[in-house]
DNA sequence: AAGTGGTCTAGACCACGAA
DNA sequence: TCGTGGTCTAGACCACTTG
C-alpha cells in the first residue's frame, strides 16, 4: 500500500475515500482474493489518520462483502463470488460486470408518457405528471438474457429521453449526468412463464421459466421514489444470489 | 428511557446490550413506529457510556432496519413493513408468520444417510459422515405451498431424527434442543417448471412455474456449514421480498 | 512476545433542523 | 441558538493468532 492519496480538506469523509481506494484495487484486480490488506494500524500510519477512521473503512468493506476479517490474523480480500448478489443496489450493467459477463442492450421503447393510476401510485406522483418509459432487451455476452421495463419520474431527470441507452447504464447516467444518487430499493422476486412477447425477444419458447423482479428505487433522501422497474429474466440462464443474516 | 440495565463486567459488548434492549422495546411494541428514540448523548448519560458506543448501537439498529435517523432531528422507530421480508435468515415457519399465514408440514422423508460427493462438498464434510435428510411438504393456511428438502450435518445434532417435524420448526428445534444458533446463510433463487413429483405434492400441473431456492446455512462461527436446503415454491403463490442498499 | 482485530473512552468540530 | 446526527482524534485494554 502506498502513500496518502486522501484529501483531508475534501468534504468527502476520510473513511469513505479510503474505502473507495481499497475497493477500486480489489475490483481492478491489483489485490487478489485472500491477499492480506494493510492492518488498521498500518492504514493509520500510511494515511495519517486515526485508527477508528481506518477501522470504519475496513468494517464497511466487510459488510459490503469485499473483505473478511479474522481476529488475531488480519483483513483479507474476499472471494468474488461472495461479493456477488448480496444486498447491493445495482443495475443490470453492474450486475453483469460482477458476474464477469459483458452487458449489452437493445432499446425497444423510449418515450415520455402519462402514468396510469397504479404506476403513479408506485412512484408517489399524481397521474398528470410525466414519466419516462424505457424498455430494453438486455444482453449478456451477446445473448439476450432479460427484458427490462423501467419508469422514471421525469421531473427529476428532464431531458433523459434524449440519451441513447443502447450503450450506457441508466444508473450511471442518473449519477453522472443528473447528479442523482440512489439510496435504496425494495424488490420482489417471483417465477412465471414466458409469454409470446418475451419468447420472441429472448429467443426462448412460450411457457419456458422466467424470473420476474419488480423494483422501486429511492433517491438520496430514502423517501422519494424515482424508479419503478420490472424485469423478466430467462430462468435457464439467470440465478439470483442473496446473503442472509441471522 | 429508564436507567442503566447494562452490565459493564459482562463479556457481552456494551453496544450490543443496548442494541438488544432497544430492539426488544421496538418488537414488543412499547416503542411505536416513528416515535423518537433517545439521542446519542442521552444514551451516553443514561447508561454511563461514551458517545461512540451509544452511536454504534443506533447505527447497527439502523442498518438492520429497526431505526431511521435524520441529521439535526433525531433517531426514530422505523415502520414494521420496512423491517419485514428483508434479508433475515428465517425458516419457513417464521417466514409464514411474518406474512400472517398459518404454517404447516407433512413429512415425506426423515432418515440418516451418507452424502454423495456434491452434498458432502456443500457441507464441508467427507462422504463417510452422517447426514440427516428431512423432506417436507410445507403448507400455508392448509394449502400446499412448497417442498423443502434439507440436509443437516448429523454430528452436530445427533438424535434429531427422533423428533416429529410435522408440527415443529427445524430452526427452533436446533436452537432450543441442540443449542445451535445460526449466524448467516448464502442463498440462490431461480425459476423453473414443476416436475411430476412437485406437481403431485403441491397440487399443480407439470410445467407450472416454480421458484427454487438453495441455501447453505452456517452456525455461530460463520464458517461451519450445518445445513444445505433446497426448496421449491409454487410460483403462483409465493413471492420473495428483498431490500437493497446503495 | 508481537501483531491483529474488537471494544471503549472522552473529548473535538461540523452540517443540519427547529425554534 | 441549541440539540441532533456525522466525522474524527489519540489514546486504552482485551482476546486471539502466530512465531
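Some observations on this one:
- Meets criteria (surrounded by fewer than 21 Cβ atoms within 10 Å (Cβ to Cβ), outside any loop (DSSP other than H, G, I, E, B) and more than 7 Å from chain A (Cβ to nearest Cβ)) for residue B:184: no
- Residue A:204, sole failed condition from (1) farther than 27 Å from residue A:131 by Cα; (2) surrounded by fewer than 18 Cβ atoms within 10 Å (Cβ to Cβ); (3) more than 10 Å from chain B (Cβ to nearest Cβ): (2)
- Among the residues of the range A:139-163, those identified as touching a residue at least 40 places away in the same chain (Cβ under 8 Å) and in a helix (DSSP H, G or I) are A:154, A:156, A:161.
- Extreme residue, farthest from the other protein chains (Cβ to nearest Cβ), among residues of the range A:168-181 that are surrounded by fewer than 16 Cβ atoms within 10 Å (Cβ to Cβ) and assigned to a loop (DSSP other than H, G, I, E, B): A:168
- Positions within the range B:15-46 being in contact (Cβ under 8 Å) with a residue 40 or more places away in the chain, surrounded by 16 or more Cβ atoms within 10 Å (Cβ to Cβ) and within 8 Å of DNA strand C (Cβ to nearest atom), in sequence order: B:15
- Counting only strands (runs of 3 or more DSSP E) that sit wholly inside the range B:1-119, those with at least 1 residues that are modelled with pLDDT of 95 or more, more than 11 Å from DNA strand D (Cβ to nearest atom) and farther than 21 Å from residue B:182 by Cα are B:103-113.
The values are calculated or read from the model by the stated rules, or taken from the named source; none is laboratory data. Since we're looking at a predicted model, the values are computed, not measured. No Cβ is skipped: glycine too gets one built from the backbone with ideal geometry, and neighbour counts run over all protein chains shown.
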